[in-house]
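Input: a single structure, listed below in structure tokens.
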Amino acid sequence: TVSCYFVDQKNQLWVGKRTGLIKVSSDFKSYETINFFENKIIRSLSSTNENKLLVGTNKGLFTLENEHRIKEVLSNVTIVDLAKDKLKPIIYIATNKGLLQINDDSKVETIYPDIRFNKVLLDNRNHV
């Protein structure tokens, strides 16, 4: 079951599933399963301003610089949704433990603690 998808700067399609993450080539002729995520439910995908893929799962938030370099950014939290600020280098993170934000230095700040968020949206003035 597909839970989310994202097209990166190289025009590659990333598909998040309940059973892992798949990268589809830009010509749609090949695909690759990223095995690290096979036991995690992918819930949301986005990218940083540095072209790293952000992967939100039921077990935390991870970045991929390439298929072989995966870094855990947040653990012990369910990531529900990700939204990229169009004006500032900030990603908003909806979780089961509140609304967070992360900057390009991977510094995480809590905006609204202890509230379960199902979605994070930005308006036309880029406000949460």
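Given the residues Thr33, Thr63, which is the only one that is part of a strand (DSSP E or B), in contact (Cβ under 8 Å) with a residue 12 or more places away in the chain, within 29 Å of Arg125 (Cα to Cα) and among the polar types (S, T, N, Q)?
Among Thr33, Thr63, only Thr63 is part of a strand (DSSP E or B), in contact (Cβ under 8 Å) with a residue 12 or more places away in the chain, within 29 Å of Arg125 (Cα to Cα) and among the polar types (S, T, N, Q).
Under the condition of being part of a loop (DSSP other than H, G, I, E, B) and under 11 Å from Ala83 (Cβ atoms), which residue from the stretch 96-122 is least open to solvent (accessible area, probe 1.4 Å)?
Restricting to residues being part of a loop (DSSP other than H, G, I, E, B) and under 11 Å from Ala83 (Cβ atoms), the top hit is Val120.
How many of the residues in the stretch 71-90 are part of a strand (DSSP E or B), of a type outside the set (Asp, Glu) and open to solvent by 50 Å² or more (accessible area, probe 1.4 Å)?
Number of matching residues: 3.
Check off (1) assigned to a strand (DSSP E or B); (2) surrounded by 13 or more Cβ atoms within 10 Å (Cβ to Cβ); (3) over 11 Å from the mean Cα position of the chain (by Cα) for Ile93 and give me the number that stays unchecked.
Ile93 satisfies all of (1) assigned to a strand (DSSP E or B); (2) surrounded by 13 or more Cβ atoms within 10 Å (Cβ to Cβ); (3) over 11 Å from the mean Cα position of the chain (by Cα) except (3).
The values are calculated or read from the model by the stated rules, or taken from the named source; none is laboratory data. Bear in mind the structure is a predicted one, so any value in this text is a computation, not a measurement. Virtual Cβ from ideal backbone geometry, glycine too; neighbours counted across all protein chains shown. Note: accessible area is taken over every heavy atom of the protein model, side chains too, but ligands, DNA and RNA are not part of it. Shrake-Rupley method; radii C 1.70, N 1.55, O 1.52, S 1.80 Å.
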